[in-house]
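Asker: Structure provided below as structure tokens; questions to follow.
The values are calculated or read from the model by the stated rules, or taken from the named source; none is laboratory data. Because the structure is a prediction, the values reported are computed rather than measured. Every residue, glycine among them, receives a Cβ derived from its backbone with ideal geometry; neighbour counts consider all protein chains shown.
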Amino acid sequence: MFSCLTASQEFQYDFVPPPDVIPFWYIACNYEPALGSIVFCMDSNADSICPFSNSLEVLALGCQTQGDRTLTQTYLMESGKNATKYMKNPASDPDFNFTQLTTPIMFNMSEVVNKKDAYYNFFDNLDDSTKFGDFTIIYWGVLLILIGLFNHISAHNYLKSISLNSRLNQWKALVVLPTLSSYHLNPARFRGIAFFEALLPLRQETFVLIAYILLCVYYTTSNYKVIANSPLFGSPYRQYLRFISDRTGIFAFTQLPLLILFGGRNNILMTISGLPFNTFIIFHKWISRVMMLCAVVHAHQFVIYLEATGTFRRSLGELYFQFGELALLCCLLIMSCTFFLAFIFLVGCYFHVSKIGYSEWILATLGLWILDRVWRFVNIYRYGVQTAQLTVFHPHSTDSNREDPTVKVSIPKPATWKSYPGCFVYLYFLDPHLKFWESHPFTIYDSTDQFGDPTPMINIYIKPKCGTTKAIYDQIMSRDITGVKVLVEGPYGHRAHTENYDQLLLFVGGNGIPGPFSHAARSVSALPYKDVESFKKVELVWSIKTLSALNWFYDELIQLKDTNVSVTVYVTRGDLSLADDDNSSTSSNNNIEPEILTETSHLLKDDTNNKSKKREVSSIITIAEKFHNLSKFVTFIRGRPNFEKKLDQVINECSQASKITTIGLVACGPSLMCDNIRNLVAHRLSRNDTGKFRIDLLEELQVW
């Protein structure tokens with residue numbers, strides 16, 4: 001159809017189109033001699049690849065959208081038949097007047113065939129671009145469904161004989177669990193300098209991404225068809241410039257829906273696949289890099305093509321070119337201000353292709369983006385505006401150089417709002433000094449769901465480090481804030497069914513306690529009340545710097561009393577006793593081996609002659625009382641936990657219990673700790689001596 005349409009443009013018809021229309025289409029659709037000539041040409045060159053009926057359909061659509069005329073296929077066929085009655089053949093008449101044509105004419109068929117081959121190559125490339133983009137979406141869809149089937153079967157203990165297979169443990173040890181190098185959550189370093197402040201993919205995620213990137217490279221570099229001298233684009237060099245530009249541009253559009261699905265907060269794919277939030281963020285970032293690279297290649301190749309054809313300066317004034325520049329600029333800058341730049345980027349993409357097609361990809365992406373935003377607003381509305389209570393817990397003066405303060409945020413919870421262990425929320429502080437327009441993610445602990453706390457409340461524990469958390473702490477201290485209006489958006493995050501494991505082992509470091517503690521509490525609440533005789537075992541290992549951490553998490557820990565949860569707290573740096581003024585009674589912690597503490601009287605030293613000392617003792621007494629109450633069911637150990645030894649101990653104990661076949665290990669804390677535990681579990685599984693058990697690692701640390 002297009003070869004006949006362009007052939008008609010070589011002649012001058014006795015017809016002047018009105019201003020502000022596209023002459024290319026308007027003359028072809030509205031001047032009967034031209035229309036009849038085109039239809040006759042289409043009928044004469046129809047083949048199995050491009051049937052006559054398909055050409056008529058495309059011509060009718062083009063006339064409707066570009067030629068300002070609605071035509072039916074029946075009318076077009078009649079126009080072609082009528083043209084044969086008045087058809088002129090310029091090749092048979094040397095004196096034929098090619099100006100001011102008033103009759104249908106027969107085009108040069110050899111030129112039409114050459115143009116037809118050129119258009120075949122052009123449109124085949126456009127079709128391949130969309131098809132290959134579809135294949136990448138199918139790749140992700142099939143992959144996530146297969147992973148979801150495996151994860152859900154494992155989580156609910158279906159097909160236990162398969163899940164306990166030693167080959168499966170080997171697969172997990174070699175592919176699923178290990179980090180890519182030695183790091184995943186902890187930034188990679190060179191000579192002590194962190195040079196890659198980002199999530200490094202796990203080995204399994206690396207294989208998935210390598211396959212995806214190889215597909216993208218193949219789809220954007222293969223199956224180009226060029227001819228010696230194209231009547232449309234000229235030399236093979238120009239054809240490659242145009243085809244590569246079109247392929248990469250369309251392919252970039254096909255990746256946009258994946259960006260929104262993988263990066264959105266309301267990610268249904270987490271439920272389908274059972275993969276955590278961190279994994280989707282890794283995939284989201286790599287898909288965005290592929291998309292951005294394709295967009296840059298598209299722009300670069302197209303600019304070179306325009307320069308080669310001498311149309312670059314003219315194209316600068318075209319609307320599609322200007323919106324393409326805007327979209328590309330926003331794509332490169334989008335990380336600095338995601339919301340507004342993302343919206344401008346999508347709008348720019350839409351107007352970039354609004355008149356040439358492929359806007360359906362933009363509309364689908366925009367629809368997903370708007371749907372995610374609307375559902376986020378619904379989540380905020382469900383929770384409502386609440387007044388959060390802010391409490392700052394400062395470490396004891398002797399611990400202040402080793403322990404950061406902690407801000408506890410307690411927020412009343414609506415009765416209809418439900419959470420789950422390990423979930424997180426986005427918090428908006430409705431205070432102009434705290435940037436109310438920004439949201440900040442925090443893992444929560446909801447005591448209501450676990451222990452039936454009569455006061456519905458969710459708690460957040462903020463450790464001021466830098467950036468947002470430091471700004472929040474500084475504002476609280478400088479303005480003496482005890483309460484602030486907040487909006488809560490959530491809950492979000494991966495649902496890990498830890499209550500289904502026979503043995504649950506939780507390794508926690510510092511302020512990473514809320515998520516794992518929620519898993520421990522939920523596992524207890526899933527049992528009959530105070531069913532301490534149950535074979536289900538839950539063990540919580542918490543590593544803290546000093547006993548000051550008991551100040552802000554005492555109320556939660558005490559709830560584990562009279563449950564079957566075994567709690568061990570390691571104090572790595574803090575003094576566990578208040579030294580006497582007498583040097584003879586002072587001991588160095590550096591010379592003390594790790595030991596189990598069973599008494600608290602040595603924490604209650606007093607000096608009535610020193611008021612400042614008494615204030616310190618008062619603080620110590622508070623911690624000491626909490627320590628005394630907790631020590632009735634919590635084991636306190638001075639030193640650092642040996643995670644490898646602890647895991648071996650749990651496996652040995654489980655081997656003595658015939659009913660235990662599944663072990664769930666939850667890790668949350670400093671990134672280096674989580675990376676070490678991950679590699680430790682992978683190494684333990686690689687020994688292939690745990691065939692009786694299935695060991696699953698659940699990483700609760702969120703890296704934003």
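Asker: Quick check on residue 308: is it in a helix (DSSP H, G or I) and farther than 29 Å from residue 286 by Cβ? Break it down into steps so the answer makes sense when it comes.
Answerer: Values: in a helix (DSSP H, G or I): yes; farther than 29 Å from residue 286 by Cβ: yes.
The answer is yes for residue 308.
Asker: Okay, next question. All but one of (1) without any contact (Cβ under 8 Å) to a residue 60 or more places away in the chain; (2) surrounded by 15 or more Cβ atoms within 10 Å (Cβ to Cβ); (3) closer than 18 Å to residue 113 by Cα hold for residue 91; which doesn't?
Answerer: Here residue 91 clears every test but (2).
Asker: Among the residues of the range 98-112, is any closer than 30 Å to residue 354 by Cα, surrounded by fewer than 15 Cβ atoms within 10 Å (Cβ to Cβ) and of a type in the set (Gly, Ala, Ser)? It would help to see each step written out before you state the result.
Answerer: If we filter the range 98-112 for residues that are closer than 30 Å to residue 354 by Cα, which is where we start, we get 112.
Within this subset, residues satisfying the condition of being surrounded by fewer than 15 Cβ atoms within 10 Å (Cβ to Cβ) are none.
Within the range 98-112, not a single residue is closer than 30 Å to residue 354 by Cα, surrounded by fewer than 15 Cβ atoms within 10 Å (Cβ to Cβ) and of a type in the set (Gly, Ala, Ser).
Asker: Scan the range 77-94 and give yes if some residue there is in contact with a strand residue (DSSP E or B) (Cβ under 9 Å, 6 or more places away or on another chain) and more than 20 Å from residue 28 (Cα to Cα), otherwise no.
Answerer: No, because not a single residue in the range 77-94 is in contact with a strand residue (DSSP E or B) (Cβ under 9 Å, 6 or more places away or on another chain) and more than 20 Å from residue 28 (Cα to Cα).
Asker: Name the residue that is modelled with the highest pLDDT, counting only residues in the range 333-361 that are farther than 18 Å from residue 318 by Cβ and surrounded by 17 or more Cβ atoms within 10 Å (Cβ to Cβ).
Answerer: Step one: filter the range 333-361 for residues farther than 18 Å from residue 318 by Cβ, giving 333-346, 360-361.
Next, from what is left, pick out any that are surrounded by 17 or more Cβ atoms within 10 Å (Cβ to Cβ): 334, 341-342, 344-346, 361.
Values: 334: 65, 341: 76, 342: 79, 344: 83, 345: 83, 346: 84, 361: 90.
Going through the qualifying residues, I end up with 361.
Asker: For residue 146, indicate whether it is assigned by TED's automatic domain parsing to the domain that holds residue 210, among the aliphatic types (A, V, I, L, M), assigned to a helix (DSSP H, G or I) and modelled with pLDDT of 85 or more. Reasoning before the result, please.
Answerer: Working: assigned by TED's automatic domain parsing to the domain that holds residue 210: yes; among the aliphatic types (A, V, I, L, M): yes; assigned to a helix (DSSP H, G or I): yes; modelled with pLDDT of 85 or more: yes.
Against the criterion (assigned by TED's automatic domain parsing to the domain that holds residue 210, among the aliphatic types (A, V, I, L, M), assigned to a helix (DSSP H, G or I) and modelled with pLDDT of 85 or more), residue 146 qualifies.
Asker: Give just the number: which of (1) buried (at least 18 other Cβ atoms within 10 Å of the Cβ); (2) under 30 Å from residue 55 (Cα atoms) does residue 154 not satisfy?
Answerer: (2)
Asker: Right, next: Among the helices (runs of 4 or more DSSP H) confined wholly to the range 23-81, which include 3 or more residues that are over 17 Å from residue 13 (Cβ atoms)?
Answerer: Values: elements: 23-30, 32-44, 52-65.
In the range 23-81, the matching helices (runs of 4 or more DSSP H) lie at 32-44, 52-65.
Per-residue answers, yes or no, for (1) over 17 Å from residue 103 (Cα atoms); (2) free of Cβ contacts under 8 Å to residues at least 40 places away in the same chain:
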site: 8; (1), (2): no, no
site: 18; (1), (2): yes, yes
site: 31; (1), (2): no, yes
site: 45; (1), (2): yes, no
site: 48; (1), (2): yes, yes
site: 55; (1), (2): yes, no
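Asker: If residue 677 passes every condition in (1) farther than 30 Å from residue 178 by Cβ; (2) surrounded by 15 or more Cβ atoms within 10 Å (Cβ to Cβ) but one, which one does it miss?
Answerer: For residue 677, the failing item is (1).
Asker: Quick check on my filter: what residues within the range 227-256 are in contact with a Phe, Trp or Tyr (Cβ under 7 Å, 6 or more places away or on another chain), under 22 Å from residue 294 (Cβ atoms) and surrounded by fewer than 20 Cβ atoms within 10 Å (Cβ to Cβ)?
Answerer: Within the range 227-256, the first condition is being in contact with a Phe, Trp or Tyr (Cβ under 7 Å, 6 or more places away or on another chain), and the residues that meet it are 232, 238-243, 245, 250-251, 253-254, 256.
Those still in the list that are under 22 Å from residue 294 (Cβ atoms) too: 238-243, 245, 250-251, 253-254, 256.
238, 240, listed by residue number.
Asker: Kindly indicate whether any position in the range 361-383 is in a loop (DSSP other than H, G, I, E, B) and outside the structural domain of residue 573 (by TED's automatic domain parsing). Show your work before the answer.
Answerer: Of all residues in the range 361-383, those in a loop (DSSP other than H, G, I, E, B) come to none.
No, the range 361-383 contains no residue that is in a loop (DSSP other than H, G, I, E, B) and outside the structural domain of residue 573 (by TED's automatic domain parsing).
Asker: Of all the residues that make up the range 661-704, how many are modelled with pLDDT under 75 and not aromatic (Phe, Trp, Tyr)?
Answerer: Result for the range 661-704: 7.
Asker: OK, next. Across the range 94-120, what is the total count of residues that are touching a residue at least 60 places away in the same chain (Cβ under 8 Å) and acidic (Asp, Glu)?
Answerer: Result for the range 94-120: 2.
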